[in-house]
1. Averaging sequence separations of C-alpha pairs under 8 Å and six or more residues apart, then dividing by the length of the chain, give the relative contact order as a whole percent.
2. Along Cα→Cβ, 7 Å out, is where each label goes; now give me the distance between the ones at His200 and Val347 in nm to one decimal.
3. Between Arg114 and Asp210, 0.36 nm times their residue separation minus their Cα-Cα distance comes to what?
4. With the Cα gyration tensor of segment 105-248 in hand, convert its eigenvalues to equivalent ellipsoid semi-axes via √(5λ) and list them largest first in whole Å.
5. Once fully extended, how much extra length lies between Arg435 and Thr151, figured as 0.36 nm per residue of separation less the alpha-carbon to alpha-carbon distance?
6. Given the convex hull of the Cα atoms of segment 7-52, what is a quarter of its surface area in nm²?
7. Could you work out the helix-only [θ] at 222 nm for the chain, with each DSSP H run of four or more residues adding -39,500 (n - 2.57) and the total divided by the number of residues, to the nearest 500 deg cm²/dmol?
8. Starting with the fewest neighbours, write out Ser260, Ser145 ranked by other beta-carbon atoms found within 10 Å of each beta-carbon.
Amino acid sequence: MSSLLSERQKDELHKSLLSYLHSQGLHDSYEALKRETENDDFQTDDPKARWVGLLEKKWTSVIRLQKKIMDLESRNAALLAELASPNRATSSSSSSSAPFLPRAPARHTLTSHRAPITKVAFHPTWTVVASASEDASVKIWDWESGEMERTVKGHTKSVNDLDFDPKGGFMVTCSSDLTIKIWDTSNEYTNTKTLHGHDHSVSSVRFTPDGEKLVSASRDKTIKVWEVASGYCVKTFSGHSEWVRGVLPSDDGKWLVSCSNDQTSRIWDFATGETKVELRGHEHVLECAIFAPTNCYSAIRELAGLGNAPAGDSRAKAPGAFVATGSRDKTIKLWDAISGQCLRTFVGHDNWIRALVFHPTGKYLLSASDDKTIKIWDLANGRCIKTVDAHGHFVTSMTWGRALIGASDTSTDGMTNGDAGSSKKKDGEDSGPRRINVLATGSVDQTVKIWTP
């Protein structure tokens, strides 16, 4: 029977086995394998050799992946059963009718970083959340179990932002070391490319919706566009007069929104690099700017008294029509990204606004602040309906994830007794998987928190 391994792979496997046998004191087996594989010159005194400890690492990876495969198979079976049962779909939709809003305490508090958290991001398909930190590392967590899976190292200074591509095959990071790095998530987060081109700290990086390009913002006052496949910088946008803090593409990839120390936000035409609108009104540095999803438009129009979108105005209904910005002036502003008009100013936080996210239902806007809280704003009337004491220090990042979990996996950790009781199935109701929204936050207190229903 022919071997499935190449000669190089067989040689690496033999050396990994020899290293393991020697480390375990199995000298007879070690000598026999050394002789039979013709590795008489094999050395065991080099602790940095690539095969040292490789067998143990691969073994633990296989066990972890096997567990994930078993979980996925179980969920797949439950999904097939749900599809075969029309009654299950009805009960699932009714149980998820109430929108999830975060409440203390969090389900998990993830600790391992040695410096403030700068950004958190969910993998699009796995139950994985990644956290970037000023300690120059990225940590990968299984948010369901609360366990850390690995530490990704490669940057030499603070990692300022990270993002996953739409399919989850790659992760991108940017750093104060002036570089952007791309990591292969399916190959143990191996660094595949390092992009050079910015002249100062890179503060933000995002995949475009098609996953083929990256957009990055820097303290060098520019925004750059990169090809993922080649790693080449293909465009540079200039216009801000100071440090560009963040950049984000619209859901259709036609527009970019940026925010800067120059106290403005800009809407850019991605195809031409032209500034279409400059949003002025804040009185301090802008820390964040995001596009509103299209399912928020009706609530935003109600809030601003705009009525229905004109029948012939296609852009008013397309992604990129509205923007929310957060500033060190302690306010949040909601903008018409087409006209540049400020529609509403949200006042309530006692410190810098550091992160904004729209609720998946389109009904709420969530804000995170250096006052250590998350505030939830009703988009229809502009009122703060809830304040959550989220962290023990400044809240620096916040993001939504979406996942399918089995009913048996649904933990009541972090719920009050009343909450836990309300999560029980009613008599006759099928148990099975449900799709839930998950919120993650990061803080200067060096922790990541996971908030689930």
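Readers should treat all values here as calculations from the given coordinates under stated rules, not as data from a laboratory. Since we're looking at a predicted model, the values are computed, not measured. Here the Cβ is made from the backbone with ideal geometry for all residues, glycine too, and neighbour counts use every protein chain on show.
1. Values: 1044 pairs, mean separation 56.6, N = 453.
Dividing the mean separation by the residue count of the chain yields 12 percent.
2. Here the answer is 3.2 nm between the modelled labels.
3. Values: separation 96, 0.36 × 96 = 34.56 nm, distance 3.44 nm.
My answer for the length gained is 31.1 nm.
4. Values: eigenvalues 124, 56, 34 Å².
Each semi-axis is √(5λ); the values are 25, 17, 13 Å.
5. On the way: separation 284, 0.36 × 284 = 102.24 nm, distance 2.81 nm.
Roughly 99.4 nm would be gained on extension.
6. Working: hull surface 11.9 nm².
Value for segment 7-52: 3.0 nm².
7. Details: 6 runs with 82 residues, N = 453.
That comes out to -6000 deg cm²/dmol.
8. Working: Ser260 24, Ser145 13.
Least crowded to most crowded, the residues run Ser145, Ser260.
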